Amino acid sequence: MKEKQKTDKIKPFLFGDAIVYIVLALLIIALFLSFFFSSKNKSHDGFIFSLNGKTVLTYNVKEDKFDIADEFLGSVEIEDKDGGYQVVIYSSADKTKSNTAFINKREKSVSVTDSTCKKEYCVHSPSITSDGVIYCDPHGLKIAPIGAEGTSRPIVVG
């Protein structure tokens, strides 16, 4: 009977417990907000397109300028189209393997719109802006924002 009286007098939450729960809740909210807002507000200088680890071209969004590596001059086609640029990158000398990307100048984003690989995983990936990477394994293509080449959020591997 004495044991029952002892447990009846214990409160379910002590004042110290409540403080710990509140601090943990605030920490979780702060981490969520910092992650959410930091990934949305990052600015970037442009995009790097690379084939098998070699930089093919870079696009600077601030200057609206392309820089194509000399060894890939014949492997890239760029067309001004619909408020952006259509970029075709050939990953084979006979131009049978290619990826087509669209750079949206207004949104400062890039997406792959066509590919000659079988499954076209890169085509079905979402566009990237300041973070994320688009990969096309069959062609060895990697598209990443400048400064985020080693980003921790890969979008698609196809």
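Quick notes
- Taken together, the criteria place residue 29 among residues that are outside the structural domain of residue 123 (by TED's automatic domain parsing) and either assigned to a helix (DSSP H, G or I) or at pLDDT 95 or above (or both).
- Checking 114, 137 one by one, the residue that is outside the structural domain of residue 37 (by TED's automatic domain parsing), farther than 30 Å from residue 37 by Cβ and modelled with pLDDT of 95 or more is 114 and no other.
- The residue of segment 80-98 that is modelled with the lowest pLDDT, among those that are of a type in the set (S, T, N, Q) and assigned to a strand (DSSP E or B), is 98.
- Residues located in segment 61-113, provided they are among the basic types (Lys, Arg) and in contact with a strand residue (DSSP E or B) (Cβ under 8 Å, 6 or more places away or on another chain): 62, 65, 81, 97, 105, 106
- Complete set of residues in segment 111-122 that are more than 14 Å from the chain's Cα centre (by Cα) and either farther than 12 Å from residue 141 by Cα or assigned to a loop (DSSP other than H, G, I, E, B) (or both): 113, 114, 116, 117, 118, 119, 120, 121
- Residue in segment 45-64 that is over 14 Å from residue 144 (Cα atoms) and not in a loop (DSSP other than H, G, I, E, B) present: no
The values are calculated or read from the model by the stated rules, or taken from the named source; none is laboratory data. Keep in mind it's a predicted model, so treat the numbers as computed, not measured. Cβ sites come from the backbone with ideal geometry, for glycine too, and all protein chains shown count toward neighbours.
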